[in-house]
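Coordinate-derived values only; no laboratory data. Everything numeric here is computed off the predicted structure, so don't read it as measured data. Note: ideal-geometry Cβ built from the backbone for every residue, glycine included; neighbour counts use all protein chains shown.
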There are 2 protein chains.
Amino acid sequence: MEFLIAKDELIRALSRVQGIVEKRSTNPIIANVLLEVSEEGMRVAATDTEVSFVGRYKAECARPGALTLGARQLYEIARLVPTDAVSFNLPEGSGQMEIRSGKAFFKVLGLSADEFPPVPDPNAEAPAISLSSRELKSLIDKTLFAISSDDTRTGLNGAHVEAFNDGAETRIRFVATDGHRLSLCGRSFEGTIDWPGSLLLPKKGLSELRKLVEDGDGVWRVSFTENQAVFCRDAIAFSMRLLEGDFPDYNQVIPSSWQRRLELRRDDLVSALRRVSILAAEKSHPVRFAIEGGVVVVTARQPEAGEAREELDAEVEGADLEVGFNARYFRDALMALDTETVLIEIGDSLSPCLLRPGGGSESDELYVIMPMRLE
Amino acid sequence: MEFLIAKDELIRALSRVQGIVEKRSTNPIIANVLLEVSEEGMRVAATDTEVSFVGRYKAECARPGALTLGARQLYEIARLVPTDAVSFNLPEGSGQMEIRSGKAFFKVLGLSADEFPPVPDPNAEAPAISLSSRELKSLIDKTLFAISSDDTRTGLNGAHVEAFNDGAETRIRFVATDGHRLSLCGRSFEGTIDWPGSLLLPKKGLSELRKLVEDGDGVWRVSFTENQAVFCRDAIAFSMRLLEGDFPDYNQVIPSSWQRRLELRRDDLVSALRRVSILAAEKSHPVRFAIEGGVVVVTARQPEAGEAREELDAEVEGADLEVGFNARYFRDALMALDTETVLIEIGDSLSPCLLRPGGGSESDELYVIMPMRLE
């Protein structure tokens, strides 16, 4: 195995996999990245066995071959080498890759490519739906934060994905909840597939996918196998193992009616919540929302620290009310929205609150936040 | 107590003290900042009882008074208030400061100013020496990193400060060591004081002082009392309690002769060490320096990972040699230097190595690094 690669191309390939490889496993090979070189260039693969990445990069192959090397160490080398081109040489029968760049020389012990777990390659033939980078990013951004971080909460530790037909078009929908709040976002897509019944995408997989999606425009081909979701763009394939467990019947949680409705500037509410939260208890950030004669007032109070209060201009429909919320859940939802105003629908002080894009937006996007009991 | 202050001025005052206040103390008042308002403006004081800060800031006083408030909370409020001016009001007989900015309102519980520990004020009368911000920063930068972080190492957990006359002028000298390496830097100064015998300045004090020093030009007046060092500039006074303990006789550690001398480009050596260290053991970063027929070769090796090697161009005097060093100590010293080349003097493989500015510099600055035994 012998090849020459541009420093930039090597960095690009290795930076992709840093979040995927797993350093603390009993299986040391999954801390490694697989390098496979042929006349077509370099194939790079990484996996933690739940989430996998494969990419193809330009390289000048002198002698084909494959080896796995420590992903973090190789990335450090790539970033620090002094020349624009880096040469790799694995002498026949050796397990040590020789890396040369100018006067710098490294000899790095690898593990056999044969022992590397299988990872799905891009497959242009498989039936897939198409989503733009922008739409895929949007689906992730608007739901990722609401996924439960508690791995023991089966069914809540991933984003639920489904397809549905709203009469006019087929849409894909991401839904996430941690039991205290819920996020839902839909987008139209092109292509048809046999849609599997229930799909639950893991948090780590979505976080890593988000980094790839953020990295340039393009169209992603999304396909599903029995236990994998595969996302391909150009020469990149990213896959994640579907989670087991049943996502709750989320439609039950979405309020179907309201007694109070507010529309107010999203930025104003975010800023006010940030300020008022300084005086809220650190753990659950309890903040009181009051509708007082057509004005919205947010307050927080800690007996041992003090209190904060702020009034906000809003268009208000419905009677006065006081209700408590976790300010962080509110801010997360407000930050995920991208409209100038937010529409807030509330029943009474014990019912969940619904946030939607304001300004008459018809976007298929909503956030539900459960209320908190305040003393 | 009632006053109006510009948001920027308030942020400036409070950002200064964030590193000084101590949140994890049994005495809650030292997590607070003292605000004292009079016709002259606002005096802000903070202390952890070892390190203290006092500064004077512009404020429009409506009614004089004093109160202490949580430093971190007040800083958060200052950064997030929506208007350019912030009003403070402590109603007579109340312990709760009312803070108003636009529609935002805070009521923050304080602790009495009477219970705040005394902190030294700027005293323009006290005999002091004068050092420019640039010189003071230089003295700190070139020695701070070599101070031991181990609080139990009495005598080594601070920078030793002394004055001496080199025949032409009186100079101030900072020296620091952690037992493995030593840094020394001298600068000329103006003014005369009764110089105390031995002075040991604590690491936290120097780190905080560095932030103040970095923040703009100016001349610092430095004075010493029996147990305090006080640094004043304009309306700021920063003081630190001197450490107890005897600094070792550092002159014994500085090599007075050499058998090999190298001069090489500082950047080249820093980069080569960074690269080679990727393959050095994580804890002590052992790297081998070899002089081989007029060439310098740095290598690192870990049996389970691999090895790295790099040659460097150098002007070499003396015979071939192999010697081991902690690469991090070497890099710290090289980063503290500011000349294009570095002069390295070595005896044999068991003697300490001396680093000095290259290019014929006559700077009063040197670094000593103890060798490591390599297998």
Zone of A:Ser351's modelled label, taken as backbone nitrogen in the stretch A:231-268 under 17 Å from a point 7 Å along Cα→Cβ: A:251-263
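Which of the GluC sites (Glu not before Pro) found in the stretch B:258-358 are in a DSSP loop and have at most 10 neighbouring Cβ atoms, other than their own, within 10 Å?
Details: sites: B:Glu263, B:Glu282, B:Glu292, B:Glu304, B:Glu307, B:Glu310, B:Glu311, B:Glu315, B:Glu317, B:Glu322, B:Glu340, B:Glu345; in loops: B:Glu282, B:Glu304, B:Glu340.
Those that pass, being in a loop and sparsely packed, are B:Glu282, B:Glu304.
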Net charge of Cβ neighbours under 11 Å - reference A:Arg266; Lys, Arg +1; Asp, Glu -1: -3
Relative contact order %, the stretch A:254-369, counting alpha carbon pairs below 8 Å whose residues are six or more apart: 30 percent
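Would you calculate, for chain A, the mean residue ellipticity at 222 nm contributed by helices, counting each DSSP H stretch of 4 or more residues as -39,500 (n - 2.57) and dividing by all residues, to the nearest 500? Don't skip to the end; give the middle numbers.
On the way: 6 runs with 64 residues, N = 375.
The helix contribution divided over chain A gives -5000 deg cm²/dmol.
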Cβ nearest the rotation axis (A onto B), residue from chain A and distance to the nearest whole Å: A:Arg24, 15
Shape category assigned to the stretch A:46-87 from the gyration tensor of Cα positions, a/c cut at 1.5: oblate
Cα-based reach from B:Lys211 at 30 Å (exclusive), listing lysines while leaving out same-chain residues under 8 positions away: B:Lys7, B:Lys23, B:Lys58, B:Lys137, B:Lys142, B:Lys203, B:Lys283
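Send over the semi-axes of the stretch B:254-369's equivalent ellipsoid, whole angstrom and largest first, taken as the square roots of 5 times the C-alpha gyration tensor eigenvalues. Could you put the intermediate results ahead of the total?
Numbers: eigenvalues 97, 46, 35 Å².
Ellipsoid half-lengths, sorted descending, are 22, 15, 13 Å.
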R0 of 45 Å, Cβ-Cβ distance B:Asp150-B:Glu125: FRET efficiency to nearest 0.05: 0.70
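Check each of the GluC sites (Glu not before Pro) in the stretch B:151-248 and keep only those in coil by DSSP with at most 10 other C-beta atoms within 10 angstrom; list them in order. List each step's numbers first, then the result.
Details: sites: B:Glu162, B:Glu169, B:Glu190, B:Glu208, B:Glu214, B:Glu226, B:Glu244; in loops: B:Glu169, B:Glu226, B:Glu244.
Filter output for the stretch B:151-248: B:Glu169, B:Glu226.
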For B:Gly191, label point 7 Å along C-beta direction: distances to other copies, nm: 7.3
Cα gyration tensor shape of the stretch B:206-269, rounded if a/c is under 1.5, else prolate or oblate by comparing a/b with b/c: oblate
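Need one value for A:80-90: mean number of C-beta atoms belonging to other chains within 10 Å of its residues' C-beta atoms. It would help to have the intermediate numbers written out before the result.
Numbers: counts 7, 2, 5, 0, 0, 0, 0, 0, 0, 0, 0.
Mean number of neighbouring Cβ atoms from other chains: 1.
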Euclidean distance between Cα centres, the stretch B:1-71 to the stretch A:161-188, Å: 51 Å
Other copies of A:Glu98: label-to-label distances in nm, shortest first, labels 7 Å along the beta-carbon direction: 8.0
Prolate/oblate/rounded label for the protein assembly as shown (Cα gyration tensor, a/c 1.5): oblate
Cα-Cα P(r), the stretch A:161-272, percent of pairs per 5 Å interval: 2, 8, 16, 19, 19, 14, 10, 7, 3, 0, 0
Average Cα contact separation per residue, chain A, under 8 Å, 6 or more apart, as relative contact order %: 13 percent
Label geometry 7 Å along the beta-carbon vector: A:Lys283 inter-copy distances in nm: 3.9
